[in-house]
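Written below as structure tokens is the structure these notes are about.
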Amino acid sequence: MQGVYSIMLLVVSNIFMTFAWYGHLKLQEMKVISNWPLFGVILFSWSIALLEYCAQVPANRLGFIGNGGPFTLMQLKVIQEVITLVVFTLFATLLFKGEALHWNHLAAFVCLVMAVYFVFMK
């Protein structure tokens, strides 16, 4: 069960991370924060990133084999990267209409899924 909780927290963490890193671009496009100074945008993003860390740190603690979880450090990192890619892809294609998936993006996704397979090999 710790593995499931860890992965769920990683998904939540990556949603916040994606909004912290790229959400301000959408807000700027929507003219919500277009006149904010860069420092204000950074503080705004950091406030969202704090929520990301509130999910990321427990996800890694729960999932890490050294704390009774099912995943090695390498496995946790690869899982996190794949989750990041999936969340970012959904974010980019749904919120930024100019972004599209191409065959090379799908090929990269396949490579990352293969990375998950290989990192779990004994």
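Relative to its Kirkwood radius, the Cα radius of gyration of the stretch 1-49 gives an Rg/Rh of 1.17.
Fewest-first ordering of ILE65, ILE83 by other beta carbons within 10 Å of each residue's beta carbon gives ILE65, ILE83. Here the simple spin-label model places points 7 Å from the Cα toward Cβ, and for GLN2 and LEU95 these points are separated by 3.3 nm.
The ellipsoid equivalent to the alpha-carbon distribution of the chain has semi-axes of 29, 20, 9 angstrom, derived from the gyration tensor eigenvalues as √(5λ) and listed largest first. Sparsely packed loop sites in the stretch 15-96 (the trypsin sites (Lys or Arg not before Pro) outside DSSP H, G, I, E and B with at most 11 other Cβ atoms within 10 Å) comprise LYS31. Under the simplified labelling scheme, the LYS31-LEU112 pair shows an inter-label distance of 3.4 nm, with each label point 7 Å from Cα along Cα→Cβ.
Considering all C-alpha pairs of the stretch 57-122, those separated by over 18 Å amount to 48%.
Each value in this text was obtained by applying a stated rule to the coordinates, not by laboratory testing. Quantities reported herein were computed from a predicted structural model and do not represent experimental measurements. A quick note on method: Cβ atoms are made from the backbone with ideal geometry, for glycine too, and the neighbour counts reach across all protein chains shown.
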